[in-house]
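For reference, the structure discussed in these notes is given below.
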Amino acid sequence: MPEIYLDVDSALSEVPVNVMPLVDDTDFKSREIAIAYDASGMDLRWNFVTSAGAYTSTAVTPTSGGDYDWAHQGDGMYSIEIPASGGASINNDTEGYGWFSGVATGVLPWRGPVIGFRSSSLNNALMDGGAVLDTNTTQIGGSTQSLTDIKDFADTGYDPVNHRADSKVVLINADAVNASALATDAITEIQNGLATSANQTTILNRIGAITGSGVNTLLGFFKALLSKTATVPSDIGGAFDPATDSTEAIRDHGDSAWTTADVSSLATSTEVGSNKTILDKVDSAMVADGLVYKFTANALEESPAASGGLTVAQDAKLTTIYNEITTDSEITVTSPVVSSNGTITIVRGYDYKDADDRSIEFTSEIWPNLTSATVKMAQRDAARTNWSTMSVVTAGGTGVTQKVRLELEDTFTDDLSAGRLLLRICATLSNGDIVDLGEVAIEVK
């Protein structure tokens, strides 16, 4: 029996040369792991026997990189390449059985495994499991078959006169097949899941009681629902009328109503435009504050009393209230630019530096420890966009009056727009946490 099966008519890159490791001929145990293709005394033979019993023995000269590339696979095991055709000595072009035998200086004689060479379709079907085995049918039931016989048998079944094939099925999947088995089991299995009287009754019950004649059918019901010219099924009952209640009738009624509807009470384009102008003004006067909106600083600016607005005293009072609700009460602001009512006012184009005693300082006793923290004045947006960097003057944690300082240069203030700014003091603590220290309002003039 062959020890290995390989595909015939294919170029083989690694055919085993020896079935056991090559052994030294001196101590009879050491494995020879460095036998080169051109080793001294190398005598390699390819022994081949066809299925018809024809025996040949052919000398093969191993090469390095040629048709008979010799390779050490590891631990004294070697392989050689055999071309499909065109080789100088042997080729893989014949079905049969072959093996290598050989000897080299310093190595005991060796033999390779017996290899069976056969069609790749046989190897795929019988060994690799990747294909269907091709067959050539010449007889069925002992009767010789022609191509016409086999085709007619496949098309119309067994005919003792014209389709000379007969068979007797006694088992299917190890179960006996006879008349009784067909009557009791096969029919039951065939009908399993099909439209039996039981599941037909279930389907009819779910549909409901429909007369099933005339327009009292499912088709009649659909026509009545969709077409205004359909006849109403009597099974529906009630006052339903396709001429007025079908989807087609409802659509036609809608088309008519849309073209004749009275729209005189709707706003004109001029009125809509006027309302939009007012809404645009209101929208520009408000800004997002978290999940709600509030008026901007500019929207709360002084309104001249002569034009029906607030008096100067009223405006001052409003400013005080505004500062109280926009600057956190826990923060104390100290600076020459802070008015008596707490308003922080800066003028564009001017410096506000500590060296000039004009910086703006904020103090609080409830802030977290600002030691090694970085502090900035940030805009009121989701990203806390930096408005200006601040410095920590005094740090120490809760209970200690901590102080942070804001200094602005003239080149920075010169680019500001007039109006009130709502900003937040943000700090990144030494542990990486980002905290909010409070909100302040600054008026720019």
Checklist outcome for this item: Wholly inside the stretch 325-423, strands (runs of 3 or more DSSP E) that include 2 or more residues that are of a type in the set (D, E, K, R) and either surrounded by 15 or more Cβ atoms within 10 Å (Cβ to Cβ) or touching a strand residue (DSSP E or B) at 6+ places or on another chain (Cβ under 7 Å) (or both) are 402-406
Item to check | Residue list for the stretch 84-109, restricted to those being crowded, with 19+ Cβ neighbours inside 10 Å and farther than 15 Å from SER57 by Cβ | outcome: ASN92, ALA104, VAL107
Next on the checklist: Can you pull out every residue in the stretch 25-52 that is of a type in the set (Val, Ile, Thr) and either without any contact (Cβ under 8 Å) to a residue 12 or more places away in the chain or crowded, with 16+ Cβ neighbours inside 10 Å (or both)?
Outcome noted: ILE35
Checklist entry - Within the stretch 274-285, can one find any residue that is more than 30 Å from GLN379 (Cα to Cα), part of a helix (DSSP H, G or I) and modelled with pLDDT of 70 or more? => result yes
Item to check | Enumeration of residues in the stretch 91-145 that are modelled with pLDDT under 95 and in a strand (DSSP E or B) | outcome: ARG118, GLN139, ILE140, SER143, THR144
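The values are calculated or read from the model by the stated rules, or taken from the named source; none is laboratory data. Computed from a prediction, not measured in an experiment: that's the story for all the values here. So basically every Cβ, Gly included, is an ideal-geometry build from the backbone, and we count neighbours across all protein chains shown.
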